[in-house]
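Trainee: Below you'll find the structure I mean.
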Amino acid sequence: MSESFVSLKNLTLAYGDTVAVSQLSLNIRKGELITLLGPSGCGKTTTMRAIAGLLSPRSGSIEIDGTDVTKVPANKRGVGLVFQSYALFPHLSTFENVAFGLRLRKVSNGEIKKRVEQSLDTVELGELANRKPSELSGGQQQRLSLARSLVLEPKVMLLDEPLSNLDARLRLDMRSELQRLQRNSGITMVFVTHDQGEALALADRVVLMKDGLIEQMGTPTELYNHPSTVFAADFMGFENIFEVREGALIGRDGSKISGYNAPSGSLAWRPGVVSLGSGPFHGTVAGVSFAGEMWEYVITSPLGRITASTPAGNPPYPIGATLAFDLPEQFGHQIKGAG
Amino acid sequence: MGKWTTFLIIGLTLTFLIGPFFIIIAAGLSAGENLAFPPEGLSLKWYWAVFEVESFRESFALSMFLAVFGTLSALVLGVPAAYALSRYRLPFAETVKTIVAAPIIVPGIIVGLGLLRYLVIPLNFTVSMALFMAHTALVIPYAVRVVTASLENLRSDMEEAAILLGCTRFGAFVKVVLPNIRGGVLAAFILGFVTSFNQVPVSLFLSGPGVRTLPIDMLAYMEITYDPSVAALSALLAIMSVGIIFLAEKFLGFSRYV
């Protein structure tokens, strides 16, 4: 990988005796937006805290912009962090929250005023400079938290699930807002999330983590279309995953369905490619729900639980109906190894 | 339980709790020469007389000094202790908590006797010095408890945010933690002030010639002169305490912290 700006080398992180991340290596390019994706407890937040300097690594090193910062304390690292809870200072006004870091750097008052106003304008909070954080909405608090870090022009900006406290609509707005800010400032960002949609939508590169290790990393399209493990496939929405052995699909009940030619490993299907109405398998509709563009089904079958969908234009199969379905091999995604 | 039974129980409880207060106020209003209830006639003269007694003025000054500075030094010791106990997992946290709470668990008489026997007599501590230490120690448990409560409502990521913006740990404490727990600190101060001011058993052992806190001075006064001025003074002190708590509740929401 060319010219890495942030580089983590064999990082092992632990809380007491509990190892949260082991031997993690990752290179981030300048101006890149990386998302650390994974379920809770996978070590993504821990990794981010280590980059920030809030947690010292058990072993390994962290380099930022060519300098080893492993031993540099958090307050001297030049890294910005937006907390999940925003962590705004409730006793200070919006203006003073943003000015906080500048005042510590002994910047002149005139300069502070200029830079704070400029940065509040960037996040469209210029009108609210005198409000207290408690008088701002969730989205505004979020933007204030961003402005407070960005005004210091950090080398790296870390964001810990920053959108998870916002409602769905606002989350989409903030997502594009973040992208805009990142493109305009060219700042290197590490974004932590457990939401795969968010990770794929934002990132230049997604790092999928599991149990303190990197499971897979790549561009959003690589990860979405070519997950390399069962875990990654499951996380990317391949909800029907079955083992294939010696030319047969292995059902959850142990049954072997021959006629599959894929090499041993697993085959995974997204709900949309499961064909309903005909095919060699039979199941019962256990649940059907309306999802706007489509009907989503949960089907119980001897193979195991299947999720499928049909276009919303058609009338749905009712709950309790028995139906035939197929898992066509040509639409199945091949994975080495079994879940 | 019937409505009337409830009222009766509440009424009796309130009478029992507040009744003596009214008796004292009334006894101080007496026009006679002896401390008695009901008062012999009505007059404000004993309320004025309180201010004429030289020893009351001196002991009031001492009590005030102890209450203000004893509580302040208890806060200087107690706030960092509360911070450490609520933010870090310390190896002997439970032991430290017990030691910190000890002054309210151990009877005051024992604390007083202990200080007298092991500090004042062998080490030649002055009585005022011992009193100051005793009052500080007695207030620490309250300071730690009240401040801990308000620290627990303060998320620790705020400090981390301050550090990432460039603060040192200590800087983050001063600039971010303290301003956000000042209500709790003020509440602890008031509670400590009232506790210290009303303290009797410890001070009883640590009073010497010319060095008496106000409650002890009142006891001594009553042994010699049995006039209503002690009742008048008690009433004034009770009103002062009620006033402080009332203002604290009004401006601080004191009951949230205690």
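All of the numbers you see were taken from the coordinates with simple rules; none came from a lab. Treat the numbers as computed from the prediction; the structure is a model and nothing was measured. Heads up, the Cβs are rebuilt from the backbone with ideal geometry, glycines too, and the neighbour counts pull from every protein chain shown.
Trainee: Over chain A, with a Gaussian network built from C-alpha contacts below 10 Å, which listed residue (A:ASN314, A:ASN261, A:ASN109) shows the highest mean-square fluctuation?
Mentor: Between A:ASN314, A:ASN261, A:ASN109, it is A:ASN314 that shows the largest mean-square fluctuation.
Trainee: Shifting gears a bit: If you consider only alpha-carbon coordinates, what radius of gyration and Dmax does the range A:230-289 have, in Å?
Mentor: According to the Cα coordinates of the range A:230-289, Rg and Dmax are 12.4, 36 Å.
Trainee: Looking at the range B:96-202, which GluC sites (Glu not before Pro) are DSSP coil and have at most 14 other C-beta atoms within 10 Å of their C-beta?
Mentor: On the way: sites: B:GLU152, B:GLU159, B:GLU160; in loops: none.
Qualifying residues, ordered by number: none.
Trainee: For the protein assembly as shown, give me the percentage of DSSP beta bridges that are antiparallel, rounded to the nearest 5 percent.
Mentor: Values: 56 of 74 bridges.
Percent antiparallel among DSSP bridges in the protein assembly as shown is about 75.
Trainee: Under the definition of Cα pairs under 8 Å and six or more residues apart, what whole-number percent is the relative contact order of chain A?
Mentor: Working: 710 pairs, mean separation 53.4, N = 339.
Once normalised by length, the contact order is 16 percent.
Trainee: In percent, how large is the relative contact order of the range B:1-86, given Cα pairs closer than 8 Å and 6 or more residues apart?
Mentor: Working: 44 pairs, mean separation 11.8, N = 86.
Rounded, it is 14 percent for the range B:1-86.
Trainee: Right, another one. Compute the distance from the alpha-carbon center of the range A:263-312 to that of the range B:13-30, in whole Å.
Mentor: 81 Å
Trainee: With contacts defined as alpha carbon pairs under 8 Å and 6 or more residues apart, what's the relative contact order of the range A:244-335 in percent? Intermediate values should be presented prior to the final figure.
Mentor: Numbers: 197 pairs, mean separation 31.0, N = 92.
The normalised contact order for the range A:244-335 reaches 34 percent.
Trainee: With Cβ to Cβ distances under 15 Å as the rule, what net charge do the other residues near A:ILE335 carry (K, R +1; D, E -1)? Write down the numbers at each step before the final one.
Mentor: Numbers: positive: A:LYS210, A:ARG245, A:ARG270, A:LYS336; negative: A:GLU215, A:GLU222, A:ASP234, A:GLU239, A:GLU243, A:GLU329.
Once positives and negatives cancel, what remains is -2.
Trainee: Give me the Å³ per residue figure for the convex hull around the C-alpha atoms of the protein assembly as shown. Working shown, then result.
Mentor: Working: hull volume 163.5 nm³, N = 597.
Convex hull volume per residue, Cα atoms: 274 Å³.
Trainee: Here is a further query. Across the range A:330-337, in residue order, what do the Karplus-derived ³J(HN,Hα) couplings come to in whole Hz, using 6.51 cos²θ - 1.76 cosθ + 1.60 with θ = phi - 60° and x for Gly and Pro?
Mentor: Calculated HN-Hα couplings, in order: 5, 9, x, 9, 7, 10, 6, x Hz.
Trainee: Just to be sure I understand: with springs between alpha-carbon atoms less than 10 Å apart, which residue in B:ALA188, B:ALA36, B:ALA162 has the highest mean-square fluctuation in the Gaussian network model of chain B?
Mentor: B:ALA162
Trainee: Tell me which trypsin sites (Lys or Arg not before Pro) from the range A:119-172 have a DSSP coil assignment and no more than 16 other beta carbons within 10 Å of their own. Numbers along the way, then the final one.
Mentor: On the way: sites: A:ARG131, A:ARG143, A:ARG148, A:LYS155, A:ARG169, A:ARG171; in loops: A:ARG131, A:LYS155.
Passing both the DSSP loop test and the Cβ count: A:ARG131.
Trainee: Give me the net charge of A:VAL69's neighbourhood, meaning all other residues with Cβ under 10 Å from the Cβ of A:VAL69; Lys, Arg count +1, Asp, Glu -1.
Mentor: Working: positive: A:LYS71, A:LYS76, A:ARG77, A:LYS155; negative: A:GLU63, A:ASP65, A:ASP68.
That works out to +1.
Trainee: If you line up the Cα atoms of the range A:259-339 on their principal axes, what length do they span on each, largest first, in Å?
Mentor: 37, 24, 21
Trainee: OK, next. Report, by chain and number, residues whose modeled amide H sits under 5 Å from the one on A:THR188, excluding near sequence neighbours (fewer than 5 apart, same chain).
Mentor: Long-range HN contacts for A:THR188: A:GLY31, A:MET157.
Trainee: For the range B:88-123 and the range A:136-212, what is the separation of their C-alpha centers, rounded to whole Å?
Mentor: 51 Å
Trainee: Where in chain A are the DSSP H helices whose C-alpha atoms run 15 Å or more along the long axis and whose mean Kyte hydropathy is at least -1.0? Kindly include the intermediate steps, with their values, before the conclusion.
Mentor: Working: long enough: A:94-104 (17 Å, 0.60); A:109-122 (20 Å, -1.37); A:138-150 (18 Å, -0.67); A:168-185 (26 Å, -1.26).
Membrane-span-like by this rule: A:94-104, A:138-150.
Trainee: Going by how many other Cβ atoms sit within 10 Å of their own, how do B:THR168, A:THR47, A:THR193 line up, fewest first? List each step's numbers first, then the result.
Mentor: Working: B:THR168 15, A:THR47 29, A:THR193 22.
With the sparsest Cβ surroundings first, the list reads B:THR168, A:THR193, A:THR47.
Trainee: For the Cα atoms of chain B, what angle does the longest principal axis make with the long axis of helix B:54-65, in degrees from 0 to 90, nearest 10?
Mentor: Roughly 20 degrees between the two axes.
Trainee: So how long is each side of chain A along the principal axes, counting just the alpha-carbon atoms, biggest first, in Å?
Mentor: Computed over chain A, the largest-to-smallest principal extents equal 76, 45, 35 Å.
Trainee: Compute the long axis of helix B:127-152 from its Cα atoms, compare it with the longest principal axis of the Cα atoms of chain B, and write down the angle in degrees, 0 to 90, nearest 10.
Mentor: Value to nearest ten degrees: 50.
Trainee: While we're here: Picking from A:LYS106, A:LYS256, A:LYS132, which is most flexible by a Gaussian network model of chain A using Cα springs under 10 Å?
Mentor: A:LYS106
Trainee: Out of the DSSP beta bridges found with both residues in chain A, what percent are antiparallel (nearest 5)?
Mentor: Values: 54 of 72 bridges.
In chain A, DSSP labels about 75 percent of beta bridges as antiparallel.
Trainee: Now for a separate question. Any idea which of B:ALA161, B:ASN198, B:ILE109 is furthest toward the positive side of the dipole for chain B, if Lys and Arg beta-carbons carry +1 and Asp and Glu beta-carbons -1?
Mentor: The residue sitting most towards the positive pole is B:ALA161.
Trainee: If you line up the long axis of helix B:3-28 against the longest principal axis of chain B, both from Cα atoms, how many degrees apart are they, to the nearest 10?
Mentor: The answer is roughly 70 degrees.
Trainee: Treat every Asp and Glu Cβ in the range B:160-241 as -1 and every Lys and Arg Cβ as +1, leave all other atoms uncharged, and give the resulting dipole magnitude about the Cα centre to the nearest 20 debye. Kindly include the intermediate steps, with their values, before the conclusion.
Mentor: Numbers: 4 positive and 4 negative charges, 94 e Å.
Its charge dipole is roughly 460 debye.
Trainee: Against the empirical 2.2 N^0.38 Å scaling, what ratio does the C-alpha Rg of the range B:54-256 come to?
Mentor: Numbers: Rg = 19.2 Å, N = 203, 2.2 N^0.38 = 16.6 Å.
The value comes to 1.16.
Trainee: Moving to a separate point now. Rounded to the nearest 500, what is the 222 nm mean residue ellipticity of chain A from helices alone, with -39500 (n - 2.57) per DSSP H run of 4+ residues and division by all residues? Please report the intermediate quantities before stating the final value.
Mentor: On the way: 8 runs with 84 residues, N = 339.
Per the formula, -7500 deg cm²/dmol.
Trainee: Run the count for the range A:1-108, please: Lys pairs, Cα-Cα under 19 angstrom, 8 or more apart or on different chains. Could the numbers behind the result be given before it?
Mentor: On the way: A:LYS9/A:LYS30; A:LYS9/A:LYS44; A:LYS9/A:LYS71; A:LYS76/A:LYS106.
Lysine pairs meeting both conditions in the range A:1-108 amount to 4.
Trainee: Sticking with this structure for a sec: Suppose only helical runs count, i.e. DSSP H with n ≥ 4. What mean residue ellipticity at 222 nm does that imply for chain B under -39500 (n - 2.57) per run, divided by all residues and rounded to the nearest 500 deg cm²/dmol? Could the numbers behind the result be given before it?
Mentor: Numbers: 13 runs with 179 residues, N = 258.
It comes out at -22500 deg cm²/dmol, rounded to the nearest 500.
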